[in-house]
1. Just to verify a result, which residue in the stretch 120-150, among those that are of a type in the set (S, T, N, Q) and not in a strand (DSSP E or B), is surrounded by the most Cβ atoms within 10 Å (Cβ to Cβ)?
2. Looking at the stretch 26-44, which of its residues are under 17 Å from the mean Cα position of the chain (by Cα) and more than 15 Å from the ligand (Cβ to nearest atom)?
3. Between a first residue in the stretch 193-207 that is under 19 Å from Gly13 (Cβ atoms) and a second residue that is more than 13 Å from the ligand (Cβ to nearest atom) and aliphatic (A, V, I, L, M), which pairs have beta carbons less than 6 Å apart while being 6 or more apart in sequence or on different chains?
4. Taking the stretch 11-53 on its own, how many of its residues are charged (D, E, K, R), closer than 18 Å to Asn192 by Cα and assigned to a loop (DSSP other than H, G, I, E, B)?
5. Mind listing whichever residues of the stretch 20-58 are more than 13 Å from Met1 (Cβ to Cβ), out of contact with any helix residue (DSSP H, G or I) (no Cβ under 6 Å at 6 or more places or on another chain) and β-branched (Val, Ile, Thr)?
6. Do we find a residue being over 18 Å from Tyr99 (Cβ atoms) and touching a residue at least 24 places away in the same chain (Cβ under 8 Å) anywhere in the stretch 34-50?
7. Output the residue which, of all residues in the stretch 171-186 that are surrounded by fewer than 14 Cβ atoms within 10 Å (Cβ to Cβ) and in contact (Cβ under 8 Å) with a residue 24 or more places away in the chain, is nearest to Thr10 (Cα to Cα).
8. Residue under question is Met72, and the condition is that it be closer than 25 Å to Asp165 by Cα, away from the ligand (no atom under 16 Å from the Cβ) and either modelled with pLDDT of 95 or more or not aliphatic (A, V, I, L, M) (or both); does it hold?
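The values are calculated or read from the model by the stated rules, or taken from the named source; none is laboratory data. All values reported here derive from a predicted model rather than from experimental measurement. As a convention, Cβ positions derive from the backbone with ideal geometry for all residues, glycine included, and neighbour counts pool all protein chains shown.
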Amino acid sequence: MKIYFLGTGTSQGIPVIGSNHSVCLSNDSKDKRLRVSVWVYSEDFSIVIDCGPDFRQQMLISKCGYIDALLMTHEHADHTAGLDDIRPFYFKQGDIPIYGHKRVLENLEKRFDYIFKNENKYPGAPSVIPIEVKENFNFTIKNQIIVPINATHGDLQVFGYKISDFVYLTDVKTVELTEINKIKECKVLVINCLREESHHSHFNLQEALDFISLVRPEKAYLTHISHLFGFHEEIQKKLPENVFVAYDNLEILI
Ligand SMILES: [Zn+2]
């Protein structure tokens, strides 16, 4: 199974439009971050988690040509705004299965009504098969068991996903012990870490490191990174041996 980091930036991406911040002006390709998303794939399945505003570009860069399913973590625009760009997949494959919390699916149905409606569709509009994800109910995509991990992002419920020995948790601020027990000692944990300063709905560096110590994965990767966190190279120097700053187009094998 391979994990391809399609995007590792926070909601505005890096560089931020119009910003003269030194990180936004960095020449290091690892300091260029599209909105957060990952592609998890093997010979048997191809799953994309979240579908933000950079989705089209991410699909082109990664050469992802087929998706069995889209898994949504939550409804915020930096995770969902690219949904219209599933069109090429829809033309090739037919209706695209999209998994998410009931609330998230309802939100998307409002915002992308033309994608979700079944009658009088605009010719060329894509279609999806909405599938509800429920807390404590595992589901299967192409024989691969997916374990939803419940968490909160400020006041908002979000889902992370455990796929085999890989765990993807983004936009979390609190995770209950019962959920932590589902992911303990996994091989690879991807966890959001916005910056060093605290934030009302995201882990900062200390909170992310404390969470990693609790989960004890073999390796952890930080994602959803703000330009305020600093340069990729500088952040990496501050981290324990088994913790890495993820960057766009990094691919890992599990
Ligand atoms: Zn986000």
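1. Of the residues in the stretch 120-150, the ones of a type in the set (S, T, N, Q) are 120, 127, 136, 138, 140, 143-144, 150.
Now drop any that are not not in a strand (DSSP E or B), which leaves 120, 127, 136, 138, 143.
Values: Asn120: 6, Ser127: 16, Asn136: 10, Asn138: 12, Asn143: 7.
Per the criteria, the residue is Ser127.
2. Our first condition is that a residue be under 17 Å from the mean Cα position of the chain (by Cα); within the stretch 26-44, this holds for 32-41.
Hits for the stretch 26-44 are Lys32, Trp39, Val40, Tyr41.
3. Listed pairs, sorted by first residue: Cys193/Leu205; Cys193/Ala208; Cys193/Leu222; Arg195/Leu228.
4. Here the count works out to 2.
5. Val36, Val48, Ile49, listed by residue number.
6. Kept after step one, since they are over 18 Å from Tyr99 (Cβ atoms), are these residues of the stretch 34-50: 34-35, 43.
Okay, now just the ones that are also touching a residue at least 24 places away in the same chain (Cβ under 8 Å), so 34-35.
Checked the stretch 34-50: at least one residue is over 18 Å from Tyr99 (Cβ atoms) and touching a residue at least 24 places away in the same chain (Cβ under 8 Å).
7. Filtering the stretch 171-186 down to residues surrounded by fewer than 14 Cβ atoms within 10 Å (Cβ to Cβ) leaves 174, 176-178, 181, 184-185.
Right, trim to in contact (Cβ under 8 Å) with a residue 24 or more places away in the chain and you get 176, 184-185.
Working: Glu176: 24, Lys184: 26, Glu185: 26 Å.
Looking at residues that are surrounded by fewer than 14 Cβ atoms within 10 Å (Cβ to Cβ) and in contact (Cβ under 8 Å) with a residue 24 or more places away in the chain, I get Glu176.
8. On the way: closer than 25 Å to Asp165 by Cα: yes; away from the ligand (no atom under 16 Å from the Cβ): no; either modelled with pLDDT of 95 or more or not aliphatic (A, V, I, L, M) (or both): yes.
So Met72 does not fit the description; no.
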